[in-house]
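Visitor: Dumping the structure here so I can ask a few things about it.
The values are calculated or read from the model by the stated rules, or taken from the named source; none is laboratory data. Source: prediction; values computed, not measured. Cβ placement follows ideal geometry from the backbone for every residue including glycine, while neighbour counts extend to all protein chains displayed. Heads up: the accessible areas ignore ligands, DNA and RNA and are worked out on the full protein's heavy atoms, side chains in. Shrake-Rupley method; radii C 1.70, N 1.55, O 1.52, S 1.80 Å.
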Amino acid sequence: MDLVIARPEGLYCPPGDFYIDPWRPVERAVITHGHGDHARWGSQHYLAAAPGEGILRSRLGAEINLQTLAYGERINHHDVTLSLHPAGHVLGSAQVRLEYRGEVWVASGDYKVEPDATCAPFESVRCHTFITESTFGLPIYRWQPQAQIFAGVDDWWRQNQAAGRASVLFCYAFGKAQRLLQGIDASIGPILVHGAMEPLNQVYRDAGVALPDTLRVSEVPKGDPRLRQGLIMAPPSAGGSTWMRRFGDYSDAFASGWMLLRGARRRRGVDRGFVLSDHADWPGLNWAIAECGAERVFVTHGSVNILVRHLREQGLDAQAFDTEYGDEDDSAEAPTDATQEPA
Amino acid sequence: MRAFAALYARLDATTSSNAKLAALQDYFAEAAPEDAAWAVFFLAGGRPRQLVPSRTLRELAMQAAQLPAWLFEESYSAVGDLAETIALLLPAAEQSSELGLAQWLEERLLPLRGLPPEELAERLPSFWRELDSLALMVCIKLITGAFRVGVSRLLVTRALANLAELDPKRVAQRLVGYTELSHRPSAERYLQLIAPESAGEHAQRGGQPYPFFLAHALQLPPEQFDSALGPVQDWQAEWKWDGIRVQLVKRDGQLWIWSRGEELITERFPDLHGLVDTLADGTVIDGELVVWRHGPADEDVQGALLNAPPVAEASAVQGIQPFALLQQRIGRKTLSRKLLDEVPVAVMAYDLLEWQGEDYRSQPQHHRRTGLQALVAACASPRLLLSPLLIADSWAALAAQREASRALGVEGMMLKAREAQYGVGRTKDVGVWWKWKVEPFSVDAVLLYAQRGHGRRASLYTDFTFAVWDAPPGTPGRSLVPFAKAYSGLTDAEMRQVDAIVRKTTLEKFGPVRSLTPSLVFELGFEGIALSKRHKSGIAVRFPRMLRWRQDKTVEEADTLAMLQAMLP
Ligand SMILES: [Zn+2]
Ligand SMILES: [Zn+2]
């Protein structure tokens, strides 16, 4: 029997009578992680991994009815055994493992296989059926080790500093920003953040993730030399706004997996593109799928048809799940499909 | 190769001319002359013929990346650039080859041309293994002849001039013909580009043309001309001809015809070769090559042109034929007698750059014009016509004359300051030429097919096919007839909106193309229109572009084929 099916409200588990990351309000929702396209407002009961509690409450409201599980902790609901396992995507991100009458399914949510210090590393979970994302499901997407990317950001920042220019780094406020903060060399200079980012930084710090000190840009007076020496982190929506005027002469950059393509860098219109993603690259997707041992694979948001065809050619029983994931508030991005995703 | 790839990355990463100039100067300051010679060739727009067929290149890349064809094609379609796709798919080398650009080209890449596939399969993958991802992409662009990096020839000229402490005009002059396929770049030629100015430089020119002086678009209402340009009497006005910009160079008993792309096109126009006998040595004429049909009243036409009729009398330009005809002629490999008779060309002369062996470009415009008039009259050839001056006592009167442009088959007017010198390229330091074009034709058309863009727009649907109705509104069963492709003219924000609608209204996908449920109407502008047997609609439009998105119009309200037909000349 299928433990997960696609319904108009979202991915649904019939024997357990609950949804995973539903896009419409439902009675019971298991949430893989706090990105806006996966964690939506309005459901009666939420279940999520304990490290993500702060994020979910800050995004969906402090008063939501939320139950949390430690990674690996099992609960039983209508004879379905459910547990959550690290997905390595953002703080509190989880794969959902479902077991019912000896059948095991795992829904990945979003995942990244390279470990980083801002969240628990991806854990491969054996299963019969795996539901995978496919955001970067093309063989052109192969990430460099993150240490190289951070070193590139450091170099860019130092060069700007030497030239007396501010360094404005655009990135998604939840996940990417904290990973950058954690990875860059904070001894280079002051780190200033856009007001929209600081609450999420605080949630990470409260959850025990060590991040360097940050200042809100609004706390720094105009003409303060720290504006020119600092690394300024801002969400993409701040680009081109009047908010940018205070920096005078600046160099800007954007950190995202999409920056791998020259076309995407050009469209962004920034000086530099840093290829840093919180999603698995092509080798990562293939590794995760092989490693879990599943014979059946359902593919959600991203390059769905491509990954399905590829997996079938590898001898797997692969199918597509039509979902409404991947439509994040980072609307300036236009990747290879209409779907949009913090990446 | 590594240094050149790094230069490519620097140029590609910035839109600032100053940053590009700095990158170029840094590169040339360090590069060995033989490498710099090739770098100048590519940066200034030189394109060797494709060295390896694209199909072979793709097949070898698929093998090297161990990917099935469909997955390679999907990747290509997402990236939009073959070289970039291959560079992203192949395993990256640990370190890049130390060999210079010249050695790569002369010893490795150029010898690839014409090799059998087995031999290519032997050599290419081993070259690729020596290159990191960036150098690999640049290398493949050199192989396919698709090397482009937003650098103008003018910028290359400036970089070399700064480096060699020369007048950029001198470098531009030396650079003419540099990108001709017949001249292979060499250290020697590069060193000549940047050599100190020699006394005998003038004598070494041979058939070299001068750098073309290019016009800037004038986009002001005529009421503002007085304040922006001064009195109309300070300007020389002419029609803007719709042909091929050329220089006729007559020196040492020989005639050369150069196009604006600095391509030597003498062979393609044997009907002009007679001018070798009528032009004096040491003459360079700037003008427009047009298709010109001589009527019985030819002598009168010459007379009328010289007398510069105050109003655009139709007779003065009656001989000019649509550009589409010229295009036909350019497209032919062999020129039959019949074609030469049916599509005769002439040069509409409008400037004199060299006269009796003397560089005339620093003479004021009106002075050059006087010389040109005397020269054309003395030449008395039906193949060399004088572009008439358009006389008016006010800008308003000139604007009124300009209204006749479309009926006369010209694109509008050219305005040239009477006292100005002939400049180099797009410079404005010694004078300006303004092109004052008429508004293009326009129709409201329906978006029918969409295709992904390339390069910068690779993942957006930006290449569109447009259609008009084959019958008036209310006709039962009327259908949409595709007639034009266009891809520019929208803001980035609009482009994204349209892209989203394209995805939502897709009927079918054929490779990178989607057919759509008609829902969007755009005002489409174009410069010319002609009958065409090759198009289903029976018409072909020239330079179509999207003027604006008609969100106020429904599909039913789009224009009809009959409206297009009414615009035919
Ligand atoms: Zn996510
Ligand atoms: Zn997602």
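Visitor: Taking the residues in the stretch A:256-279 that are open to solvent by less than 30 Å² (accessible area, probe 1.4 Å), free of Cβ contacts under 8 Å to residues at least 24 places away in the same chain and in a helix (DSSP H, G or I) as candidates, determine which candidate is farthest from ligand 2 (Cβ to nearest atom).
Guide: A:Gly263
Visitor: Out of all the residues in the stretch A:23-33, which are within 14 Å of ligand 1 (Cβ to nearest atom) and at pLDDT 95 or above?
Guide: Of everything in the stretch A:23-33, those that are within 14 Å of ligand 1 (Cβ to nearest atom) and at pLDDT 95 or above turn out to be A:Ile31, A:Thr32, A:His33.
Visitor: Also: Of the residues that sit in the stretch A:34-44 and are more than 16 Å from ligand 1 (Cβ to nearest atom) and open to solvent by less than 60 Å² (accessible area, probe 1.4 Å), which one is nearest to the other protein chains (Cβ to nearest Cβ)?
Guide: For the stretch A:34-44, the residue satisfying everything is A:Gly42.
Visitor: Among the residues of the stretch A:287-309, write down those that are in contact (Cβ under 8 Å) with a residue 24 or more places away in the chain and assigned to a helix (DSSP H, G or I).
Guide: A:Trp287, A:Ala288, A:Ile289, A:Glu291, A:Val304, A:Ile306, A:Leu307, listed by residue number.
Visitor: Here is a follow-up. Any residue in the stretch B:408-417 that is at pLDDT 90 or above, open to solvent by 30 Å² or more (accessible area, probe 1.4 Å) and away from chain A (no Cβ under 14 Å)?
Guide: So far as the stretch B:408-417 goes, no, none of its residues is at pLDDT 90 or above, open to solvent by 30 Å² or more (accessible area, probe 1.4 Å) and away from chain A (no Cβ under 14 Å).
Visitor: Another question, if that's okay. Do we find that A:Ala294 is away from ligand 2 (no atom under 16 Å from the Cβ) and either away from chain B (no Cβ under 14 Å) or modelled with pLDDT under 95 (or both) in this structure?
Guide: The answer is yes for A:Ala294.
Visitor: When you go through (1) out of contact with any helix residue (DSSP H, G or I) (no Cβ under 7 Å at 6 or more places or on another chain); (2) closer than 26 Å to A:Arg165 by Cα; (3) open to solvent by less than 30 Å² (accessible area, probe 1.4 Å) one by one for A:Trp282, which number turns out not to apply?
Guide: (2)
Visitor: Turning to a different aspect of this structure: Among the residues of the stretch A:76-86, is any touching a helix residue (DSSP H, G or I) at 6+ places or on another chain (Cβ under 7 Å), open to solvent by less than 10 Å² (accessible area, probe 1.4 Å) and more than 16 Å from ligand 2 (Cβ to nearest atom)? Quick ask: steps written out before the conclusion?
Guide: Quick first cut of the stretch A:76-86, residues touching a helix residue (DSSP H, G or I) at 6+ places or on another chain (Cβ under 7 Å) only: none.
No, the stretch A:76-86 contains no residue that is touching a helix residue (DSSP H, G or I) at 6+ places or on another chain (Cβ under 7 Å), open to solvent by less than 10 Å² (accessible area, probe 1.4 Å) and more than 16 Å from ligand 2 (Cβ to nearest atom).
Visitor: Right, another one. Test A:Phe170 against the criterion of being in contact (Cβ under 8 Å) with a residue 40 or more places away in the chain and in contact with a His (Cβ under 9 Å, 6 or more places away or on another chain), and give yes or no.
Guide: Taking the combined requirement at face value, the residue does not satisfy it.
Visitor: Of these, A:Ile64, A:Ile20, A:Ile5, which one is more than 30 Å from A:Leu180 (Cα to Cα) and either surrounded by fewer than 16 Cβ atoms within 10 Å (Cβ to Cβ) or at pLDDT 95 or above (or both)?
Guide: Of the residues listed, the single one that is more than 30 Å from A:Leu180 (Cα to Cα) and either surrounded by fewer than 16 Cβ atoms within 10 Å (Cβ to Cβ) or at pLDDT 95 or above (or both) is A:Ile5.
Visitor: Among the residues of the stretch B:556-569, what is the count of those that are surrounded by fewer than 18 Cβ atoms within 10 Å (Cβ to Cβ) and either of a type in the set (Gly, Ala, Ser) or over 14 Å from B:Phe483 (Cβ atoms) (or both)?
Guide: Adding up the residues that qualify gives 5.
Visitor: Look through B:Arg452, B:Arg478, B:Arg426 and report the one residue that is within 30 Å of B:His367 (Cβ to Cβ) and among the charged types (D, E, K, R).
Guide: One residue alone meets the criteria, B:Arg426.
Visitor: Also, quick follow-up: With the structure loaded, tell me whether B:Ser515 is under 17 Å from B:Ala566 (Cα atoms) and at pLDDT 85 or above or whether it fails that test. Give the derivation first.
Guide: Working: under 17 Å from B:Ala566 (Cα atoms): no; at pLDDT 85 or above: yes.
Here the answer is no, as B:Ser515 does not meet what is asked.
Visitor: OK, next. If you go through the stretch B:64-86 one residue at a time, how many are within 17 Å of B:Leu124 (Cα to Cα) and under 29 Å from the mean Cα position of the chain (by Cα)?
Guide: The total comes to 5.
Visitor: Yes or no: the stretch B:113-122 includes at least one residue that is part of a helix (DSSP H, G or I), closer than 22 Å to B:Ala32 by Cα and away from every other protein chain (no Cβ under 14 Å).
Guide: no
Visitor: Look through the stretch A:93-123, keep the residues that are at positive phi and away from ligand 2 (no atom under 14 Å from the Cβ), and return whichever of them is surrounded by the most Cβ atoms within 10 Å (Cβ to Cβ).
Guide: A:Arg101
Visitor: Out of curiosity, is A:Gln229 touching a residue at least 60 places away in the same chain (Cβ under 8 Å), polar (S, T, N, Q) and at negative phi?
Guide: yes
Visitor: Exactly one of these conditions fails for B:Lys20: (1) of a type outside the set (Asp, Glu); (2) within 14 Å of chain A (Cβ to nearest Cβ); (3) under 16 Å from B:Pro125 (Cα atoms). Give me its number.
Guide: The failed condition is (3).
Visitor: I'd like the residue in the stretch A:125-149 that is more than 14 Å from every other protein chain (Cβ to nearest Cβ) and open to solvent by 20 Å² or more (accessible area, probe 1.4 Å) and, out of all such residues, is farthest from ligand 2 (Cβ to nearest atom). Talk me through it step by step, then tell me what you get.
Guide: First pass over the stretch A:125-149, keeping only residues more than 14 Å from every other protein chain (Cβ to nearest Cβ): A:125-133, A:146-147, A:149.
Retained after the next criterion (residues that are open to solvent by 20 Å² or more (accessible area, probe 1.4 Å)): A:126, A:128, A:146-147.
Numbers: A:Arg126: 23, A:His128: 23, A:Gln146: 19, A:Ala147: 25 Å.
Among them, the one singled out is A:Ala147.
Visitor: In addition: So the check is Cβ under 8 Å with 6+ separation or different chains; which pairs have a first residue in the stretch B:179-194 that's open to solvent by less than 80 Å² (accessible area, probe 1.4 Å) and a second one that's among the β-branched types (Val, Ile, Thr)?
Guide: B:Pro185/B:Val40; B:Tyr190/B:Val40; B:Leu193/B:Val40; B:Leu193/B:Val171; B:Ile194/B:Val171
Visitor: Restricting to the stretch A:192-218, name every residue that is under 16 Å from A:Ala166 (Cα atoms) and open to solvent by 20 Å² or more (accessible area, probe 1.4 Å).
Guide: A:His194, A:Thr214, A:Leu215, A:Arg216, A:Ser218
Visitor: Another question, then. Within the group A:Asp155, A:Asp185, which residue is modelled with pLDDT of 95 or more, surrounded by fewer than 22 Cβ atoms within 10 Å (Cβ to Cβ) and under 28 Å from B:Asp81 (Cβ atoms)?
Guide: Going through A:Asp155, A:Asp185 in turn, the sole match is A:Asp155.
Visitor: For the stretch B:43-60, indicate whether the set of residues that are over 23 Å from B:Ile194 (Cβ atoms), surrounded by fewer than 20 Cβ atoms within 10 Å (Cβ to Cβ) and within 13 Å of chain A (Cβ to nearest Cβ) is non-empty.
Guide: no
Visitor: Restricting attention to the stretch B:353-381, which residues are buried (at least 17 other Cβ atoms within 10 Å of the Cβ) and in contact with a His (Cβ under 9 Å, 6 or more places away or on another chain)?
Guide: B:Tyr360
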